[in-house]
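Here's the structure, in structure tokens; my notes come after.
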Amino acid sequence: MGTNPPERASAAAKILAKPADYKVCEGCGSIVLKKALLCPNCHAYRFDESTPLVIRQAELLGSRAAASVTKEDYH
Ligand SMILES: [Zn+2]
């Protein structure tokens, strides 16, 4: 019950709708809100704010969620 792939996919969709509101943590690759000062995941304070990178990371997040749905279908 720990994972929730649909929620993850919709989070990715939310980011893709407004990629300019987000940035990517240089420490762990997480997508965080642009106004965040520290990464909530690894507490790094260095971010890449380039929108194309945010989009790429969000697509990765979305496709990873889709992959885990597929995997569960085989069980
Ligand atoms: Zn991080």
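The values are calculated or read from the model by the stated rules, or taken from the named source; none is laboratory data. Because the structure is a prediction, the values reported are computed rather than measured. Note: ideal-geometry Cβ built from the backbone for every residue, glycine included; neighbour counts use all protein chains shown.
Only residues that are assigned to a strand (DSSP E or B) and hydroxyl-bearing (Ser, Thr, Tyr): list them for the range 22-51, please.
TYR22, the sole residue that qualifies.
Going by what's in this entry, would VAL32 be described as of a type in the set (A, V, I, L, M) and either modelled with pLDDT of 95 or more or within 15 Å of the ligand (Cβ to nearest atom) (or both)?
So VAL32 fits the description; yes.
Could you tell me which residue of the range 11-29 is farthest from the chain's Cα centre (by Cα), considering only residues that are under 14 Å from LEU61 (Cβ atoms) and more than 14 Å from the ligand (Cβ to nearest atom)?
ALA17
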